[in-house]
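The values are calculated or read from the model by the stated rules, or taken from the named source; none is laboratory data. Please read these numbers as outputs of a predicted model, since none were measured by experiment. Cβ placement follows ideal geometry from the backbone for every residue including glycine, while neighbour counts extend to all protein chains displayed.
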Amino acid sequence: MDTKILVIGANGQLGSVLTSELRNKFGDENVIASDLKGSEGSKGKFEVIDATDIHRIEEVVTKHKITQIYHLAAILSAKGEETPLSTWDINMKTLFNVLEVSRNNNIDRVFFPSSIAVFGEGAPLNNTPDDAYLNPATVYGMSKAAGENWAQYYFLRYGLDIRSIRYPGVIGYQSLPGGGTTDYAVDIYHKAVLKEDFDCFLKEDATLPMIFMDDAIRATIELMEAPKENITVRTSYNISGISFSPSEVVDEIRKLYPDFKVNYKPDFRQEIASRWPKSIDDAAAKKDWGWKSQFNLDDITEVMIQKLQEKYR
Ligand code: AKB
C-alpha cells in the first residue's frame, strides 16, 4: 500500500518544516497537512482539523486513505502555564483522539513528539539518560510524560507502531516557535540580524539542550523509517544535539555583530529552565537507529545568520 501521511499541527515550528521535507520525500500528493486554519502560501493538500474533534480526524483519515500520522499539535511549556487545566485537556484529548483513530483505522505508523520537559527534580542534570526519573513541573511536561506512557500502552496492548522523540529546544530559520521556554534561542538570531537589542527571559548561564532544525527533522524521519524490530524504546527516545547558554550564543553572534546588546530579564521561564537537563544522553537512539547530530553552535549560528540576512534583506 502507498504511504499516505497526515501531519496534524502542520503550521507549527516543526510541523511546517517537517511537512515540506516529507513532501520532498514522499511526493506532494502523499502528504496532507492539517491545522486549525490554513496557512498563507502553503502549497499542497491541506485539511482544516481541530484535533480535539475525533470525528474530523477520522473523516480526513478515511478520505485520504492515510497510513501514517504525525501528531505535532500541542501547547508548549511556557504558554501552557497560563491555562494549566485547558493545556492538559488539549494536549491529552488530541493525543487520545490520534491514538484511537490510529487503532481503529489500522494506521501503520504514528509519530508523537515528546520533550526534555518530561524531566525535573530527581533526574541528573548532565547527560540525562533515557530511563531517568520523570518528574515534570510544567503541565506541558506532565502531558508529555503521560503521553509517552500512553504511547507505550497502545503499542503493548494494541500493537500500534507509535514512535517518539524527546526534542530539545529546536532552532531553525524557517519558522518561529510559539510558547516554549527554549524560544529565546530562535528569537535572539532574528533580533541580531534586525540590529535590535534583545531582552532575554533566561539567565545568561541557563544552559539547555538544543538541536538545529535540520538535525531534528532528520532524526524524526530516521526514527520513522527504522525497521520495527530495532525500536526498543516505546515511550520516547532522548536525542542530543548541542547544549549552550544564552551567553554562549551571544558570544557567537557578537563575532558577526559586535554591537549586539542583550538585557537579561529572567522571568517565570527561568524557573522552568532551571529544572530541565543541561545535556542529554542519547545512547538508545544511537544504538537502535544510528542517531548522530551534525550541527554544533558555530554551524547553527552561521546558517541562522546567513538565512535571516536573506530573509530581512
Ligand atoms: C518548549 O520550550 O516548551 C519546547 C520543548 C523543549 O519542548 N521547545
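To keep it simple, each residue is scored yes or no on (1) within 24 Å of TYR264 (Cα to Cα); (2) touching a Gly at 6+ places or on another chain (Cβ under 9 Å); (3) away from the ligand (no atom under 14 Å from the Cβ).
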position	(1), (2), (3)
MET92	no, yes, yes
VAL101	no, no, yes
ARG109	no, no, yes
ILE116	yes, yes, no
THR138	yes, yes, no
TYR154	no, no, yes
SER164	no, yes, no
GLY172	yes, no, no
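Yes/no matrix, rows are residues, columns are (1) in contact (Cβ under 8 Å) with a residue 12 or more places away in the chain; (2) among the acidic types (Asp, Glu); (3) farther than 26 Å from ALA273 by Cβ:
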residue	(1), (2), (3)
THR62	yes, no, yes
GLU82	no, yes, no
LEU99	yes, no, yes
ASN105	yes, no, yes
PHE119	yes, no, no
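The helices (runs of 4 or more DSSP H) located wholly in the stretch 1-100 that include 2 or more residues which are small (Gly, Ala, Ser) occupy 13-26, 77-80.
Do we have any residue at all in the stretch 103-114 that's assigned to a helix (DSSP H, G or I) and buried (at least 17 other Cβ atoms within 10 Å of the Cβ)? Within the stretch 103-114, not a single residue is assigned to a helix (DSSP H, G or I) and buried (at least 17 other Cβ atoms within 10 Å of the Cβ). Looking only at the stretch 45-55, residues that are within 17 Å of ILE5 (Cβ to Cβ) and not aliphatic (A, V, I, L, M) come to 3 in all. Is there any pair with a first residue in the stretch 208-219 that is closer than 11 Å to ASP282 by Cβ and a second that is assigned to a helix (DSSP H, G or I) whose Cβ atoms are under 6 Å apart and which are 6 or more apart or on different chains, and what are they? These pairs meet every condition: PRO209/ILE116.
Scanning the stretch 177-200 for residues that are part of a loop (DSSP other than H, G, I, E, B), modelled with pLDDT of 95 or more and either within 14 Å of the ligand (Cβ to nearest atom) or farther than 17 Å from LEU308 by Cβ (or both) turns up GLY179, GLY180, THR181, THR182, ASP183.
ALA117 meets each of the listed conditions (1) farther than 17 Å from ALA285 by Cβ; (2) over 13 Å from the mean Cα position of the chain (by Cα); (3) assigned to a helix (DSSP H, G or I) apart from (2). If the condition is being among the basic types (Lys, Arg) and touching a Gly at 6+ places or on another chain (Cβ under 7 Å), then the stretch 250-295 contributes only ARG275.
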